[in-house]
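Engineer: The structure under discussion is supplied below as structure tokens; questions concerning it will follow.
The values are calculated or read from the model by the stated rules, or taken from the named source; none is laboratory data. Just so it is clear, the structure is predicted and the values come from calculations on it, not from any experiment. Glycine also receives a Cβ, built like all others from the backbone with ideal geometry; neighbour counts cover every protein chain displayed. Remember, those area values only see protein heavy atoms, side chains included, never the ligands or the DNA or RNA. Shrake-Rupley method; radii C 1.70, N 1.55, O 1.52, S 1.80 Å.
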Amino acid sequence: MANRDRPADDGEQLALVRAKVRRSRVKPPPRQAAERPVARVVVDVSLPHLDRPFDYLVPETMADAAVPGARVRVRFAGQQVNGFILDRVAESEHEGALTPLARVVSPEPVLSPDLARLCRLVADRYAGVLPDVLRLAIPPRHARAEGGGSTASAGARTGRTGFAGTQPARARPPGPVDEAASSERAWGDHVGGAEYLRALSDGRAPRAVWAALPGRDWAAAIAEACAAALDGGRGALVVVPDAKDAARLDAALAARLGGPGAHVVLTAELGPAERYRRWLAVSRGQVRLVVGTRAAAFAPVADLGLVVCWDDGDDLHVEPRAPYPHAREVLTLRAHESGAGALIGGFATTAEGAALLASGWARPLRADRPTVRARAPRIEVAGQDAELARDEAARSARLPSAAWQVAHEALTNGPVLVQVPRRGYLPGLACARCRHQARCPTCAGPFALSTGHAVPACRWCGRPAGQWRCDVCGGQRLRAQVTGAARTAEELGRAFPSVPVRTSGAGGVLAAVGDAPALVVATPGAEPVAAGGYVAALLLDGWVLLGRADLRAAEEALRRWLNAAALVRDGGSGGRVVVLADSAAPAVQALVRWDPIGFAERELAERAQLGFPPAMRVAGLSGTSTAIVELLSIADLPMGAVVLGPVPAGQSAAADRTGTADASNGANGADQARALVRVPRAQGPALATGLRAAAAVRSARKAPDPVRIQIDPHDLD
């Protein structure tokens, strides 16, 4: 009997052991924090229908570390995700039990209330979600960078910064600085320039659209404006297009303010750890003057008194990641919300800048006409192919006789800048018989030639031309459609055999060149600064810029020309600029007159008639036609909304410009479509709200095909 009962006893014992193990695995809920035990957390999930804070329980063991603004890990939808604590409250509106925080990643309060409010405004402005904006605003964490102290006074005690506590005291260079003379040199030629600096020094918030004067150091002028803001007891933030401009402004600020730590530079070239270390110095209040590229627009500068966006028409200011904000718009939002002054502009003026002037939000800051004429170089317009030079040297260099003669004379006195709108060797090829653009039969990408000895190949997939045949006329021969910077440098080298030729572009950007005679071939944005200024500049192939199928083609052409011409000596010193374009084009006439604000006002008026930004608010929708139609059927669009499309997206214009295919037009490129939704500017917030709500509905339904929403897209082609 005992042996027969033993299996039953063993089974009972095994069941009891298993039950005990299960009970031991059930952990008791953690004790909650004594004060404000509920944390409102924004989780790092980019789904529109989840774009809201979620409540979590703060365990007693995390009460001190789980401060508002801290990074945390939380349990969400069955997995652990990152998040930020927005606030700590006493009670939750959620009726059920709250999930406790999994871990406090760092007690560093990187998300301040002001930064959280700004990110929410940007997300609402661009129909995006808050986690996407936070990803742009706050750099990734590096633990070692957080070990250098956590208060502003720590930096002041160690002498690493020119600021002590909350009241800035500008660090000064070793020798005496004549601030009045420095300000006069930078702003004395601008009508209202002295008054603008005085308002900043008094702690007020002047806002201006700035048309920078040619022949003047724009970096020194911005440094003066920043110094005035610091004198007024407030911080300053400057956003420039690229690292080259940031380095130039860094040097100007060091010369003006002196001393280490008076300002920081935030660019991607620093690397993640160094960039985060500098960002923390700003967040902790140790530094109140920041210079950087587009991501720096979110830098948490304390008591912000001035925002500056230099060359706001440059497309590098447009964030390529969702929700695709423009640095200028982020800065104007910050200035409006914080009561800060603003300085928006460059050598060129955008239609958005003209809109700020027309609304009264900003005032113009420019020189009078006699001063402009005295400071600008002499600008000439050369003709097209019919006016090519009569001699072999000029023909081989693709220069009309007037341009060749200007370059020949200028090279006896110093360097000559040659601006070429396309990089590469021969970035565009066409049929030699019918001139139709040659495209790859596999992916429909454009053919190009990388060197003079290479085989023509597709810029997108890399396949060689091989047995290519024109789809239009059946021809098999190719000819150059567009000449790039590398081929131009080669041709100029043959035309001027005794002159050194230097290139600046995608392969390597030159920051500066000397004053010795040389030909400097550069793509737009890569023009180096010449010591003493260039003697002349040749702006080649203007028809390429003006002929682009883009809303901003003329504006962008003028911006590139003005930026290059501003590097040339003034007309009284012999400076000359030759532009190869149609002399009747409004952009060319604006260049000859050096009238960027007048051109921008004309652009704004024309866009108001056509119903395009910035006169109207436009949303661009990209995706499959079915998905776009579904989103529009759900969206509660404001009264007066006009829907254009959807229409097939076609070939990517961006790929033609950059040489790479657009991912959105990949294997399913034939299914891609695009639509525009246009509303009056006052209805812009309602449009963004309606589209974001529709995207949330599709997200909750787990719709298979996403729709990309871009408010006021920079490229409308």
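Engineer: What's the total number of residues in segment 226-261 that are in a helix (DSSP H, G or I), within 21 Å of His317 (Cα to Cα) and out of contact with any Pro (no Cβ under 9 Å at 6 or more places or on another chain)?
Structural biologist: 8
Engineer: Tell me, which strands (runs of 3 or more DSSP E) wholly within segment 541-658 include 3 or more residues that are without any contact (Cβ under 8 Å) to a residue 40 or more places away in the chain and over 30 Å from Gly507 (Cβ atoms)?
Structural biologist: The qualifying strands (runs of 3 or more DSSP E) are 642-648.
Engineer: Of everything in segment 527-546, what is more than 15 Å from Val579 (Cα to Cα) and either surrounded by fewer than 21 Cβ atoms within 10 Å (Cβ to Cβ) or among the acidic types (Asp, Glu) (or both)? Give them in sequence order.
Structural biologist: Glu527, Pro528, Val529, Ala531, Gly532
Engineer: List every residue pair whose Cβ atoms lie under 7 Å apart, where the two residues are 6 or more positions apart in sequence or sit on different chains, the first residue falls within segment 681-705 and is open to solvent by 50 Å² or more (accessible area, probe 1.4 Å), and the second residue, located anywhere, is of a type in the set (S, T, N, Q).
Structural biologist: Final answer for the pair search is Asp705/Thr624; Asp705/Thr626.
Engineer: If you don't mind, there's one more thing I want to ask. What tally of residues in segment 247-266 results from selecting those that are touching a Ser or Thr at 6+ places or on another chain (Cβ under 8 Å) and at pLDDT 95 or above?
Structural biologist: 1
Engineer: Which members of segment 324-339 meet the condition of being in a loop (DSSP other than H, G, I, E, B) and surrounded by fewer than 24 Cβ atoms within 10 Å (Cβ to Cβ)?
Structural biologist: Matches in segment 324-339: Tyr324, Gly339.
Engineer: Looking at segment 326-382, which of its residues are under 30 Å from Val416 (Cβ atoms), touching a residue at least 24 places away in the same chain (Cβ under 8 Å) and of a type in the set (Lys, Arg)?
Structural biologist: Arg366, Arg373, Arg375, Arg378 - these are the residues of segment 326-382 that are under 30 Å from Val416 (Cβ atoms), touching a residue at least 24 places away in the same chain (Cβ under 8 Å) and of a type in the set (Lys, Arg).
Engineer: Being buried (at least 22 other Cβ atoms within 10 Å of the Cβ) and within 18 Å of the chain's Cα centre (by Cα): is that true of Asp311 here?
Structural biologist: Taking the combined requirement at face value, the residue satisfies it.
Engineer: Moving to a separate point now. Checking Trp218 against (1) surrounded by fewer than 23 Cβ atoms within 10 Å (Cβ to Cβ); (2) within 18 Å of Asp312 (Cβ to Cβ), only one condition comes out false. Which one?
Structural biologist: (1)
Engineer: Quick one: what pairs do we get from segment 492-509, first residue without any contact (Cβ under 8 Å) to a residue 24 or more places away in the chain, second of a type outside the set (A, V, I, L, M), C-beta under 7 Å, 6+ apart or different chains?
Structural biologist: From segment 492-509, the pairs are Val501/Gly493.
Engineer: Only one of these is under 17 Å from Gly215 (Cβ atoms), of a type outside the set (Lys, Arg) and open to solvent by less than 30 Å² (accessible area, probe 1.4 Å): Leu621, Leu567, Leu591. Name it.
Structural biologist: From the options Leu621, Leu567, Leu591, the qualifying one is Leu591.
Engineer: Answer with yes or no whether Gly493 is touching a helix residue (DSSP H, G or I) at 6+ places or on another chain (Cβ under 9 Å) and either within 24 Å of Glu601 (Cβ to Cβ) or open to solvent by 10 Å² or more (accessible area, probe 1.4 Å) (or both).
Structural biologist: no
Engineer: Take Leu551 and tell me if it is within 21 Å of the chain's Cα centre (by Cα), under 21 Å from Gly598 (Cβ atoms) and either surrounded by fewer than 24 Cβ atoms within 10 Å (Cβ to Cβ) or modelled with pLDDT of 95 or more (or both).
Structural biologist: When the stated conditions are applied, Leu551 passes them.
Engineer: Can you name the residue in segment 234-255 that is open to solvent by less than 20 Å² (accessible area, probe 1.4 Å) and of a type outside the set (A, V, I, L, M) and is also farthest from the chain's Cα centre (by Cα) among such residues?
Structural biologist: Gly235
Engineer: If you check Ala342, Ala296, Ala281, Ala355, which single one turns out to be outside any loop (DSSP other than H, G, I, E, B) and either in contact with a His (Cβ under 6 Å, 6 or more places away or on another chain) or farther than 21 Å from Tyr126 by Cβ (or both)?
Structural biologist: Just a single option satisfies the conditions, and that option is Ala281.
Engineer: When you look at Ala522, is it aliphatic (A, V, I, L, M), open to solvent by less than 10 Å² (accessible area, probe 1.4 Å) and either in contact with a strand residue (DSSP E or B) (Cβ under 7 Å, 6 or more places away or on another chain) or without any contact (Cβ under 8 Å) to a residue 24 or more places away in the chain (or both), yes or no?
Structural biologist: Yes.
Engineer: Quick check on segment 37-60: of everything there that is part of a loop (DSSP other than H, G, I, E, B) and within 15 Å of Arg103 (Cβ to Cβ), which residue is least open to solvent (accessible area, probe 1.4 Å)?
Structural biologist: Residue satisfying both the conditions and the ranking: Val58.
Engineer: Only one of these conditions is not met by Ser283: (1) crowded, with 23+ Cβ neighbours inside 10 Å; (2) under 30 Å from Gly620 (Cα atoms); (3) polar (S, T, N, Q). Which number is it?
Structural biologist: (2)
Engineer: Hey, can you tell me all the residues within segment 119-128 that are open to solvent by less than 10 Å² (accessible area, probe 1.4 Å) and either in a helix (DSSP H, G or I) or touching a helix residue (DSSP H, G or I) at 6+ places or on another chain (Cβ under 6 Å) (or both)?
Structural biologist: If the condition is that a residue be open to solvent by less than 10 Å² (accessible area, probe 1.4 Å) and either in a helix (DSSP H, G or I) or touching a helix residue (DSSP H, G or I) at 6+ places or on another chain (Cβ under 6 Å) (or both), then Cys119, Val122, Ala123 are the ones that fit.
Engineer: Continuing with the same structure: Regarding segment 65-76, can at least one residue be identified that is over 30 Å from Pro706 (Cα atoms), outside any loop (DSSP other than H, G, I, E, B), open to solvent by 30 Å² or more (accessible area, probe 1.4 Å) and touching a residue at least 24 places away in the same chain (Cβ under 8 Å)?
Structural biologist: no
Engineer: Turning to a different aspect of this structure: Go through segment 342-373 and count every residue that is closer than 18 Å to Arg204 by Cβ and open to solvent by less than 10 Å² (accessible area, probe 1.4 Å).
Structural biologist: 5
Engineer: Let me ask something additional. Across segment 89-118, what is the total count of residues that are open to solvent by less than 30 Å² (accessible area, probe 1.4 Å) and under 24 Å from the mean Cα position of the chain (by Cα)?
Structural biologist: 5
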